[in-house]
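Remarks on the structure that follows.
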Amino acid sequence: MKLYNLFPRLCGPLDEWTPHLERAADLGFDWVFVNPIQKRGRSDSLYSITDYFAISRDFLRPGSRTPHKRQVRAMISEAEHLGMRVMIDLVINHCAIDSRLVRNHPEWFVREGQRVANAACIEADGTRVVWEDLAQFDWHNTSDREGLFGYCLEVVEHLIALGFRGFRCDAAYQVPAAVWHRLIEHVQRDHPEVVFVAETLGCSPDQTRETAAAGFDAIFNSGKWWDLASPWLLEQYDATRALVPSIGFPESHDTARLYAESGGNPHALEQRYLFAALFSGGVLMPIGYEFGFARRLDVVATRPTHWETPNLDLGDFIRHVNAIKDAHPVFQGEGPVRIIPLDNPAVLLLHKRAEDGAGEALIALNKDIEQRQWLHVDDLYRHLERPAPLRDCSFQWAMDYLPTPFDFELGPGMARVLVTGD
């Protein structure tokens, strides 16, 4: 899965999304992921949904009498015409505190004394973050779990009827794995083409494994925060890859823009997109990454007027990386990954093998986004598990012949991508 995150607040009404859909298709993405477009509560956050069956006016054509369902279906039809399926956020861990659900079904919510509890999470440093605009569904202790489950199933069926074929399940670890397993099994029995992807960032390794085993088609991984050296990402990857494929991303709507974080360094954007796309079975890229946008996406404040003048154009690079992913099965799923030690610690050399053994890859990546670094490998073929010719499919200066020993001066953030003839 190659997902392009079309952030609704930046793009405006649905009938104005066509240029963004066309660009996503041209870049080689096969999925479009959109954040919630349903009617919002008083806080105006995309994730503070007050009515799951109504579309926010911000995303409907002003003054149009065309029913909102038809407008959504028209957008999805356009995406499908371009060869992409559309995924939307599924937010069933909480709703808006001012939703009628809170008044009509108080038994569905966590209580703190006489009041409904707000949704919260624990950050990596132990800080508890509370969102006062959100009401936390009580999946663990509600006296009416069947009613809550039935309502959420109705929401999913409604979105499928609109044409959505995938769901990014927000904060999936906050909903019991048994609930997800039941919901996914029920939906895929009637709609086997529909996929469910778990957002598990911020949860413990045990929670990640438990969620991954709940029937999801993929989970998002934490590669965005990897320092390209520490063992934790490979340990996390090994713990879940046999259960479910993962999706990497260089940035998301929840993070700062990498262009801003890197001081406007285009090598950082290329390095991190290539790593996310080729390390993981799937990849997600938010809108604007291809242009080096610097302004952080905001679930409340972002507006179409915040569309930036491009700082760069990574289109050719992203197109090439996505084409590599399409052409070589070793990059389309999860398989064993290991780091090959090198004399130069500023260069990362990864070996990845397809799970069935039918394809291997060596990825050499300059960790340094400011300086050139020298790559030296005595014998590339010694690091393959099965003897096979290697082919260079790198973006820049692909070599027809790979000598032994292999020496190459990597530009800042540059990669060499070598694959066996799979």
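Values computed for the structure shown
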item	result
Value of D in µm² per second that Stokes-Einstein yields for the stretch 346-419, Kirkwood Rh from Cα pairs, at 10 °C (1.306 mPa s)	125 µm²/s
The stretch 1-158: relative contact order as a whole-number percent, Cα under 8 Å and 6+ apart	21 percent
Helix-only mean residue ellipticity at 222 nm for the chain, each DSSP H run of n ≥ 4 adding -39500 (n - 2.57), per residue, nearest 500	-8000 deg cm²/dmol
Electrostatic dipole magnitude of the stretch 40-167 [Cβ: Lys, Arg +1; Asp, Glu -1; Cα centre; debye, to 20]	600 debye
Cα-Cα over 22 Å, subset of 39/69; 2/69; 2/367; 2/39	2/69; 2/367; 2/39
Low-density loop positions, chymotrypsin sites (Phe, Trp or Tyr not before Pro), the stretch 328-409 - DSSP coil, at most 15 other Cβ in 10 Å	397, 401
Listed residues 148, 274, 402: farthest to the positive end of the dipole of the chain (Cβ charges)	148
GluC sites (Glu not before Pro) within the stretch 179-243: DSSP coil, no more than 16 neighbouring Cβ in 10 Å	193
Magnitude of the charge dipole, the chain, Cβ model with Lys/Arg +1 and Asp/Glu -1, debye to 20	1080 debye
Extreme residue, positive dipole direction of the stretch 1-156, given options 7, 60, 46 (C-beta unit charges)	60
q = 0.17, 0.18 Å⁻¹: log10 I(q)/I(0) that the Debye formula gives for the stretch 1-90, counting C-alpha atoms only	-0.69, -0.77
Carbon + sulfur, % of accessible area of the chain - ligands and nucleic acids excluded, 1.4 Å	49 percent
Largest-first ellipsoid semi-axes for the chain, taking √(5λ) over the Cα gyration tensor eigenvalues, angstrom	39, 24, 20
Longest segment of the chain lacking trypsin sites (Lys or Arg not before Pro) that sit in a DSSP loop with at most 11 other Cβ atoms within 10 Å	66-422
Unit charges at the beta carbon, dipole of the chain: most positive-side option, 196, 244, 411	196
Amide proton proximity set for residue 167, modelled H, under 5 Å, gap of 5+	88, 195, 196, 197
Segment residue 374-residue 154, length gained on full extension (0.36 nm per residue, minus Cα span)	73.5 nm
Computed over the chain: relative contact order in percent, which uses C-alpha pairs under 8 Å that are six or more apart	13 percent
Heavy-atom accessible area per residue - the chain, 1.4 Å, Å²	42 Å²
Cα-centre dipole for the stretch 298-342 with unit charges at Cβ (Lys and Arg positive, Asp and Glu negative), debye to 20	140 debye
Volume of the Cα convex hull of the stretch 278-376, divided per residue and given in Å³	144 Å³
Inter-site label distance for residue 112 and residue 232 at 7 Å from Cα along Cβ, in nm	2.8 nm
Rg(Cα)/(2.2 N^0.38 Å) for the stretch 228-323, N = residue count	1.17
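The values are calculated or read from the model by the stated rules, or taken from the named source; none is laboratory data. These figures come from a predicted structure and were not determined experimentally. Ideal geometry is used to build each Cβ from the backbone, glycine not excepted, and the neighbour counts take in all protein chains shown. Ligands, DNA and RNA are stripped out before the accessible areas are found, and what is left, the full protein with its side chains, is counted by its heavy atoms. Shrake-Rupley method; radii C 1.70, N 1.55, O 1.52, S 1.80 Å.
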